[in-house]
Each structure stands twice: as structure tokens, then as C-alpha cells.
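Enquirer: Got a structure here, written out as C-alpha cells. Questions coming.
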Amino acid sequence: MKKEEKTELTKSKIFAAAIQEFGTNGYATGSVNNICKTGINKGLVYHNFKDKDELYLECVKKSCEDLICYVIRHKSDAGFVEYMHARRSFFQEHEAEANLFLEARTSPPQHLAFRIREINLTL
């Protein structure tokens, strides 16, 4: 396996664990230690992400990207109603991402609010 592939696989594992952690516990009580309890080495987390803030922001961004891709794949050209059905389906199938998205949209960590607004949360 190439180095780039290993890096992407590692990041995918970190994202999965971090989205679950932040989606379950929110930013304030979510922790990198809990993410590492899933079998991810703490050094790998900090090798790929500067700190908890960066990891959280990247999880919010990834969740938004996942939502956009899902909606594009599942909505027809029927318009707004189909869009809303696709969006609702995504959140039903991805509860942790739904909670993460909701927190980021309605009550983001105050020190990250400006940076979160830069991420496309309009969907």
C-alpha cells in the first residue's frame, strides 16, 4: 500500500471515530482520548490534525461534504420536496453527523463560530 493510501485510510478511521465522538458528546465534552479508545494511536491523530479544534472543524466540513454528495446522489430533479426528503434520509442514516451538523449550525463552540461560518452549512 502506498504512503498516500495509508494516510487516507488513517484519516478515514480518525474521521469515523471523531464524527461519532463529537456527534454523540458534542465539542465541549468530546475528547481526543475517547477517539483514541477506538484503537487509533494518539500520535496519529496529532500527526494528521493540529489539535481538537482542527479535528472538529474538519469533521464538520466532512459532514457537510457527505451531506452534499448524498443529496446529489439521491435527489431527483423534482425540486425542493425531493431535496428535503434526501436531506432527511441522510440525517436518519447518519445520526452522529446529524448531531454534529446541528451543533455546528445552532450552538457552535464560541471560539470556533467564525471558522464554522466559513464552512458551507447552508444545506
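The values are calculated or read from the model by the stated rules, or taken from the named source; none is laboratory data. None of the values given here were measured: they were computed from a predicted structure. Glycine gets a Cβ as well: all are built from the backbone with ideal geometry, and neighbour counts include every protein chain shown. Accessible surface is based on the protein model in full, side chains and every heavy atom, while ligands, DNA and RNA are left aside. Shrake-Rupley method; radii C 1.70, N 1.55, O 1.52, S 1.80 Å.
Enquirer: Which value, in Å², gives the accessible area per residue of the chain when a 1.4 Å probe is used on the protein heavy atoms?
Expert: Details: 7700 Å² over 123 residues.
For the chain, the per-residue accessible area is 63 Å².
Enquirer: Report, in deg cm²/dmol and to the nearest 500, the calculated mean residue ellipticity at 222 nm for the chain, where each DSSP H run with n ≥ 4 adds -39500 (n - 2.57) and the sum is divided by the residue count.
Expert: Details: 7 runs with 94 residues, N = 123.
That calculation yields -24500 deg cm²/dmol at 222 nm.
Enquirer: Something else: Suppose each label sits 7 Å from its Cα in the direction of the beta carbon; what would the ASP77-GLU8 distance come out to in nanometres?
Expert: Placing both labels 7 Å along Cα→Cβ, they lie 3.1 nm apart.
Enquirer: Here's a follow-up. Ordering SER63, SER12 by accessible area with a probe of 1.4 Å, largest first, what comes out? Let's see the in-between values first.
Expert: Numbers: SER63 5, SER12 65 Å².
Reading off the accessible areas and sorting them downward yields SER12, SER63.
Enquirer: Springs between alpha-carbon atoms under 10 Å, Gaussian network over the chain: tell me which of GLY30, GLY39, GLY79 tops the mean-square fluctuations.
Expert: The residue that fluctuates most here is GLY79.
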